[in-house]
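S.K.: Before anything else, here's the structure in question.
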Amino acid sequence: MVTKKKEPLVKKIETLAKDVRKTANEKEAPQMDFPIRALNNVSYDSRKGYFQIGDRVKSRTLTFNTVKTFAQTLRMVSESKKLIESDDIASKREVYYVSKGWGEAKFDEQPESDTVMDDIEAHFGVNREQLRFMPEEKGGDVMGKLVIIDQDPGTGRDIEIDCMRFGSGAYSIPTLVEHLKFKTSAKFILVIETAGAFQRLVKHNFADTFNCILVSMGGVPTRACRRFIRKLSDDKKLPVYAFTDGDPYGYMNIYRTLKVGSGNAAHINEFFCVPKAKYLGVTPSDIVRYNLDTHKLKDVDIKRAKDALKNDPFVLKHKPWQKALKDMIKMGVRVEQQAFAKHGYNFVLETYLPEKLENPGAFLP
Amino acid sequence: MSEAVIEKQESLFDVSQNGASQEPLSKANGKLKRTTPKNAQKLAAGHREISVSEFFTKNRHLLGFDNPRKALLTTVKEAVDNSLDACEEGSIPPKISVRIEVISETRLKVTIADNGPGIVKSQIPKIFAKLLYGSKFHSLKQSRGQQGIGISAAGMYGQLTTGKPTIITSKPSSRKPAHYYELNIDTKRNNPEIVKEEDVDWDFAKTGTEVTIELEARYQKGKQSVDRYMEATALANPHAEFIYTPPDGEEIHYERETKELPPEAVEIKPHPYGVELGMLLKMIKETKERNLGLFLRREFSRVSEKVAEEISKAAGFEPKSRPSRVANGGVEALYKAINETKIMAPPTTCISPIGEELILKSLTQKIKADFTVSVSRPPSVYRGNPFLVEAGIAWGGELPQDDLVSLYRFANRVPLLYQQSGCSITGAVVGTDWRNYGLSQSRGALPAGPAVVFVHIASVWVPFTSESKEAIADYDEISKEVRLALQECGRKLSRHIKRRKRQADERRKRGYIEKYLPHIGIALQEILDISEKEKEKVIGNLAHVLEESRGGAAAVGADEVLPLEDDELAKEDES
């Protein structure tokens, strides 16, 4: 792909560089602003449906204390421009290694380079994929009543991928999903926390029986996974139901991030979340209703739940979630997706999920 | 001389028999030099006679022979003190050799030689083998504190523990051969027993004396070792040269920093404020002066005719009153009158400091540090006794970074190695806030950092906490002077530490410009496709901007004493 005219992002990068140069030549200290990416700088409007970044910014003015980060930021920005102009990509790890060629300005550990990368994203209000920086992480697994239309990397021709034809395997979500198109007759998307639960449903042909698409997140959903679900559900107008462990981590870190985004990625949440997602379970009331075996809440679980009740704009907006978290703290227990095995291996797909799916209106928001 | 001997003996016996406080001993040592033999003999008649060896065995802790380790130190200390005194009295720059040899696991042989004037043949047996015999008694004159009862006590300790005689070689004349003696003490009668005597060749110096004592002792390194004593003694006596051979090691040579001997301390009469009631009573009973006025004027310093009259009248007497009349019931009134009368401070000529410059030289030469400061305070007075405090600090270099500083305490040039925690010098060091001066310090502890702290108190009468003379008593006047001296050193030190820190900061920041600005240049060049020249211009301008921003920090005055800029450091750590 040859660039005919300058991409808007390249223009933004040049503007930043020009500003630095101009300020320097005026014998002033150049400055870069970065929106603060944290839960205390997001707002939540349930109609918009995602965490929106606030207007608090941190300024990095060139001083002796900031000069190293300043240099690293500009070099990474320059690297991004090169990648855009040559239509290439670099993984986060590769970028970290590129910095090893910067002499004294190199990053010692990858978290340092990731932080600078996040700052740059936030500064330009774009996502890192637009900067051509790719995460190492896998996007998640998909199977079910879905045909994905992708392009052949060699010929650029469309190819159709039938997600019912992976046997006991699954389709793996790529890091870039914007170009994907979909064909489906499914009625809903079921998003699952653990690979174990996903495997069981695949094995027993749950997608065919219930005419749905199954997505395995493998923990907190990656940006690509969130974007894929968002795009698929928007394009095909499908409801999204989440099935996770019944603990504060499953509720907040996994489900809440899927639905409204995270504090750290607040600048790009708008596109990387699934506001229409609903929470199927496992809810605290399921524990009672299905007489499930539980584990005691750990201190960190209790702290996470209390923090969410106090600070999380999403929970503050949704009374049912406040009740669920309070119930959980009161019961003092958590439950895993696999706990249904107590009633037989297939209880979860023969009894629990069908019963729940009969009444999606009762799902948590 | 003989009168003093008897007086001293009598006091010692008091101690041994009734176990009373050690106070009478020290006071007698210090101030009662005018006791008549008649009086003393009368007093002594009432006491049971005991042998000196019995006395010694009972009181070895008072004399510094509590344990084998301390016995070695005390022996060396006594001999080195004697040698230094002898050389100074003979106006000879001292050269002293100390050698310790191992005889067996529990037995050591100590040999100390000096280049002093030597001792005439007839005196040798008495000096080395008769307890309580010496050329020097405490007068109100600055002198090295005599530990216990001197070199003969060390000889006796050796004799009691090993059965070996003390060996002395002394050469009073450069043209004649040296006298060689092997001496024992007759422990019953406190008299020397000559085991062997002859004339020998001796070549350590033109004149001088050498003593060898074999004793039960233990050599051990550490803060209370002979090693430390030698190092400290060399520090406080920069006019002396020392050659020290420890049992396990190479000869250590401490060079002298000056050939000039310290000025001889002048003897003074007691100042009225420094005399206690009991002492006053004794003095007035024993005076030969005709009347109270003359007694006050002649036996004390700083008492003029007018002041004598003032005191006399305030006490309800006349200057013409007979001393015997006052002694008979009027002493308390006199004591009170003295302390209520304004009297000029005593003369301070009687103090001989080491001097700022020599302390500096000494620390610089003998401690491997890279910065040294010293302070000599003006003389001051506590309870009528003149004294003077000197302090020094050696910092950095090869000194251990994180340990507590080593504190070297001295009284009249003699190192104090024991009872550090009970000493008011230590109190003053701990009570100084060293964090103001760039060292770290926990509450109630010595500061930590690569430093040696040197404190010397010179006085005609050093107030020790006990007869073992290892710690200085807590007098406000003394503590205050020590603190002032330390603060003065601390201020100089902190200027140095801050300068060093600033230089290091400066280098580091200069490094930032060279390390990181080029990368900003490269990035701008890549993004904007600017020329090499244009790139260099931007880098230059950015460097200028950074230099300017640093201007603010560097403007903090170099002479101000401020706590270290921890905040600034913390900020840098975050980034």
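The values are calculated or read from the model by the stated rules, or taken from the named source; none is laboratory data. Values in this document were obtained by computation on a predicted structure and should not be read as measured data. Cβ atoms come from the backbone with ideal geometry, glycine included; neighbour counts cover every protein chain shown.
S.K.: Among the numbered criteria (1) part of a helix (DSSP H, G or I); (2) more than 23 Å from B:Ala232 (Cα to Cα), which one does B:Val482 miss?
M.R.: The one condition B:Val482 does not meet is (2).
S.K.: Restricting the search to the stretch B:248-284, which residues are surrounded by fewer than 15 Cβ atoms within 10 Å (Cβ to Cβ) and either at pLDDT 90 or above or over 30 Å from B:Gly384 (Cβ atoms) (or both)?
M.R.: B:Asp248, B:Gly249, B:Glu250, B:Glu251, B:His253, B:Glu255, B:Lys259, B:Glu260, listed by residue number.
S.K.: Hey, B:Ser421 hits all of (1) of a type in the set (Gly, Ala, Ser); (2) within 18 Å of B:Tyr229 (Cα to Cα); (3) surrounded by 17 or more Cβ atoms within 10 Å (Cβ to Cβ) but one; which does it fall short on?
M.R.: Status for B:Ser421: all satisfied but (3).
S.K.: Would you pick out the residues in the stretch B:303-336 that are outside any helix (DSSP H, G or I), in contact (Cβ under 8 Å) with a residue 24 or more places away in the chain and under 12 Å from B:Ile284 (Cβ atoms)?
M.R.: Answer for the stretch B:303-336, where residues must be outside any helix (DSSP H, G or I), in contact (Cβ under 8 Å) with a residue 24 or more places away in the chain and under 12 Å from B:Ile284 (Cβ atoms): B:Phe317, B:Ser321, B:Arg322.
S.K.: Can you tell me which residues in the stretch B:74-128 are assigned to a strand (DSSP E or B), closer than 21 Å to B:Ser173 by Cβ and not basic (Lys, Arg)?
M.R.: Once the filter is applied, which keeps residues that are assigned to a strand (DSSP E or B), closer than 21 Å to B:Ser173 by Cβ and not basic (Lys, Arg), the stretch B:74-128 yields B:Ile96, B:Ser97, B:Ile112, B:Ala113, B:Asp114.
S.K.: Still on this structure: For the stretch A:1-22, how many residues are within 14 Å of chain B (Cβ to nearest Cβ) and in a helix (DSSP H, G or I)?
M.R.: Selection size over the stretch A:1-22: 14.
S.K.: Report yes if B:Glu560 is facing another protein chain (nearest Cβ under 8 Å) and at pLDDT below 85, otherwise no.
M.R.: The answer is no for B:Glu560.
S.K.: Please name all residue pairs, on different chains or six or more residues apart, with Cβ atoms under 6 Å, provided the first residue is in the stretch A:284-312 and is under 15 Å from A:Asp327 (Cα atoms) and the second residue is among the acidic types (Asp, Glu).
M.R.: That search, which allows pairs on different chains as well, returns A:Pro284/A:Asp327; A:Asp301/A:Asp247.
S.K.: Anything in the stretch A:227-245 that is assigned to a helix (DSSP H, G or I) and either of a type in the set (Phe, Trp, Tyr) or free of Cβ contacts under 8 Å to residues at least 60 places away in the same chain (or both)? List them, or say none.
M.R.: Scanning the stretch A:227-245 gives A:Arg227, A:Phe228, A:Ile229, A:Arg230, A:Lys231, A:Ser233, A:Asp234, A:Asp235, A:Lys236.
S.K.: Condition first: buried (at least 16 other Cβ atoms within 10 Å of the Cβ), among the small types (Gly, Ala, Ser) and under 30 Å from A:Glu178 (Cα atoms). Can you find one or more residues in the stretch A:306-317 that meet it?
M.R.: No; the residues of the stretch A:306-317 include none that is buried (at least 16 other Cβ atoms within 10 Å of the Cβ), among the small types (Gly, Ala, Ser) and under 30 Å from A:Glu178 (Cα atoms).
S.K.: Restricted to the stretch B:441-456, and to residues that are assigned to a loop (DSSP other than H, G, I, E, B), modelled with pLDDT of 90 or more and over 16 Å from B:Gly397 (Cβ atoms), which residue is nearest to the chain's Cα centre (by Cα)?
M.R.: B:Leu446
S.K.: Sticking with this structure for a sec: Right, A:Tyr279: under 23 Å from A:Gly196 (Cα atoms), outside any helix (DSSP H, G or I) and at pLDDT below 90 or not?
M.R.: In short, no.
S.K.: Next question. Of the conditions (1) more than 17 Å from the chain's Cα centre (by Cα); (2) assigned to a loop (DSSP other than H, G, I, E, B); (3) touching a residue at least 40 places away in the same chain (Cβ under 8 Å), B:Pro238 clears all except one; give me its number.
M.R.: Unmet condition: (1).
S.K.: OK, next. Do the conditions hold for A:Ser59, that is, is it more than 10 Å from every other protein chain (Cβ to nearest Cβ), exposed (fewer than 13 other Cβ atoms within 10 Å of the Cβ) and closer than 22 Å to B:Lys509 by Cα?
M.R.: Taking the combined requirement at face value, the residue satisfies it.
S.K.: A follow-up question, please. Of the residues A:Phe340, A:Phe347, which is within 20 Å of A:Thr209 (Cβ to Cβ), touching a helix residue (DSSP H, G or I) at 6+ places or on another chain (Cβ under 9 Å) and free of Cβ contacts under 8 Å to residues at least 12 places away in the same chain?
M.R.: That would be A:Phe347, the only listed residue that is within 20 Å of A:Thr209 (Cβ to Cβ), touching a helix residue (DSSP H, G or I) at 6+ places or on another chain (Cβ under 9 Å) and free of Cβ contacts under 8 Å to residues at least 12 places away in the same chain.
S.K.: Also, quick follow-up: Quick check: anything in the stretch A:289-311 modelled with pLDDT under 95 and assigned to a strand (DSSP E or B)?
M.R.: yes
S.K.: Can I ask one more? Would a scan of the stretch B:417-427 turn up a residue that is touching a Phe, Trp or Tyr at 6+ places or on another chain (Cβ under 7 Å), modelled with pLDDT of 90 or more and assigned to a loop (DSSP other than H, G, I, E, B)?
M.R.: Scanning the stretch B:417-427 turns up at least one residue that is touching a Phe, Trp or Tyr at 6+ places or on another chain (Cβ under 7 Å), modelled with pLDDT of 90 or more and assigned to a loop (DSSP other than H, G, I, E, B).
S.K.: Just name the residue that is surrounded by the fewest Cβ atoms within 10 Å (Cβ to Cβ) out of those in the stretch A:142-167 that are part of a strand (DSSP E or B) and among the β-branched types (Val, Ile, Thr).
M.R.: A:Ile159
S.K.: Go through the stretch A:181-205 and count every residue that is of a type in the set (A, V, I, L, M, F, W, C) and farther than 17 Å from A:Asp162 by Cβ.
M.R.: Residues meeting the conditions: 8.
S.K.: Let me ask something else. Looking at B:Arg228 and the list (1) out of contact with any Cys (no Cβ under 9 Å at 6 or more places or on another chain); (2) part of a loop (DSSP other than H, G, I, E, B); (3) of a type outside the set (A, V, I, L, M), which single condition is not satisfied?
M.R.: (2)
S.K.: From the list B:Arg507, B:Arg495, B:Arg500, which residue is more than 9 Å from chain A (Cβ to nearest Cβ), surrounded by fewer than 23 Cβ atoms within 10 Å (Cβ to Cβ) and touching a strand residue (DSSP E or B) at 6+ places or on another chain (Cβ under 9 Å)?
M.R.: B:Arg500
Here is a yes/no grid of residues against (1) among the charged types (D, E, K, R); (2) within 30 Å of A:Ala308 (Cβ to Cβ); (3) within 27 Å of the chain's Cα centre (by Cα):
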| residue | (1), (2), (3) |
| --- | --- |
| A:Ala17 | no, no, no |
| A:Ala38 | no, yes, yes |
| A:Tyr44 | no, yes, yes |
| A:Thr73 | no, no, yes |
| A:Leu83 | no, no, yes |
| A:Val95 | no, no, yes |
| A:Lys106 | yes, no, no |
| A:Gln110 | no, yes, yes |
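S.K.: As an exercise: evaluate B:Ala345 against (1) within 37 Å of the chain's Cα centre (by Cα); (2) over 30 Å from B:Val375 (Cβ atoms) and give the number of the one condition it does not meet.
M.R.: (2)
S.K.: Here's a follow-up. Can you list residue pairs whose Cβ atoms sit under 8 Å apart, with the first residue in the stretch B:399-410 being closer than 15 Å to B:Val429 by Cα and among the small types (Gly, Ala, Ser) and the second being at pLDDT below 95 and surrounded by fewer than 18 Cβ atoms within 10 Å (Cβ to Cβ)? Count only pairs 6 or more apart in sequence or on different chains.
M.R.: B:Ser406/B:Lys223
S.K.: Answer yes if at least one residue in the stretch A:23-33 is more than 8 Å from chain B (Cβ to nearest Cβ) and touching a His at 6+ places or on another chain (Cβ under 8 Å), and no otherwise.
M.R.: yes
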